[in-house]
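Beneath this line is the structure, given in structure tokens, with notes to follow.
Please treat every number below as a calculation from the coordinates, not as lab data. Everything numeric here is computed off the predicted structure, so don't read it as measured data. Backbone-built Cβ (ideal geometry, glycine too); neighbour counts: all protein chains shown.
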């Protein structure tokens with residue numbers, strides 16, 4: 001089964017794609033991972049992508065489509081895949097349709113992880129982790145049992161991601177609404193769009209996605 005997961009940064013698409021890879025052997029095709037892999041390969045395409053990344057320019061659709069095309073040829077994709085981070089625009093969505101048709105494949109469903117901007121901002125800006133073992137915490141929802149001491153390893157060193165601040169999160173959400181949400185009507189017209197509550201607990205989101213996939217089989 002081949003699906004696309006839609007949702008803004010921080011919605012949990014990567015986590016759900018990883019779970020589908022384990023439970024259903026559906027390969028996780030993440031835009032970030034694909035780009036890093038191509039750059040690391042030092043292929044001609046990878047060198048082009050690296051130059052664009054280093055210049056700070058947006059990655060052209062032509063390069064992203066070529067990278068996605070190569071990934072779809074992987075043997076592991078015979079069990080299906082989950083696209084995370086692509087497509088981002090209607091133009092990319094149409095290009096993906098054309099690409100899959102050329103390969104004799106089809107997109108079975110698009111799952112939108114619906115979120116509340118304010119709650120998602122709170123979720124992201126409140127998270128921090130242990131600087132030693134990486135255990136995750138949150139200012140409101142999961143503080144260490146002993147203040148300033150990691151539950152897992154006893155370290156007193158904690159860290160936050162530099163981009164987990166309200167301004168950056170709001171900017172990313174705005175970009176998502178301006179670009180990616182334009183493809184929601186496109187997939188609605190194709191009658192393959194399904195929506196789940198991206199603000200629910202992780203296990204509950206997984207269950208909702210599984211119910212969607214069962215309905216598609």
Given the conditions (1) out of contact with any strand residue (DSSP E or B) (no Cβ under 7 Å at 6 or more places or on another chain); (2) farther than 22 Å from residue 196 by Cα; (3) touching a residue at least 60 places away in the same chain (Cβ under 8 Å), and given that residue 86 satisfies all but one, which numbered condition is not satisfied? (2)
Only one of 97, 163 is part of a helix (DSSP H, G or I), free of Cβ contacts under 8 Å to residues at least 12 places away in the same chain and out of contact with any strand residue (DSSP E or B) (no Cβ under 8 Å at 6 or more places or on another chain), namely 97
Determine whether the range 113-123 contains at least one residue that is over 30 Å from residue 79 (Cβ atoms), touching a residue at least 40 places away in the same chain (Cβ under 8 Å) and in a loop (DSSP other than H, G, I, E, B). yes
Of the conditions (1) farther than 21 Å from residue 171 by Cβ; (2) surrounded by 14 or more Cβ atoms within 10 Å (Cβ to Cβ); (3) out of contact with any strand residue (DSSP E or B) (no Cβ under 7 Å at 6 or more places or on another chain); (4) without any contact (Cβ under 8 Å) to a residue 40 or more places away in the chain, residue 19 clears all except one; give me its number. (4)
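Matching residues to (1) within 15 Å of the chain's Cα centre (by Cα); (2) surrounded by 16 or more Cβ atoms within 10 Å (Cβ to Cβ); (3) under 20 Å from residue 89 (Cα atoms):
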| position | (1), (2), (3) |
| --- | --- |
| 174 | no, no, yes |
| 182 | no, no, yes |
| 186 | no, yes, yes |
| 189 | no, no, yes |
| 193 | no, yes, yes |
| 204 | no, no, no |
Of the residues in the range 124-141, how many are under 21 Å from residue 9 (Cα atoms) and either within 21 Å of the chain's Cα centre (by Cα) or surrounded by 12 or more Cβ atoms within 10 Å (Cβ to Cβ) (or both)? 12
Residue count for the range 142-157, restricted to those that are outside any strand (DSSP E or B), in contact with a strand residue (DSSP E or B) (Cβ under 9 Å, 6 or more places away or on another chain) and at negative phi: 9
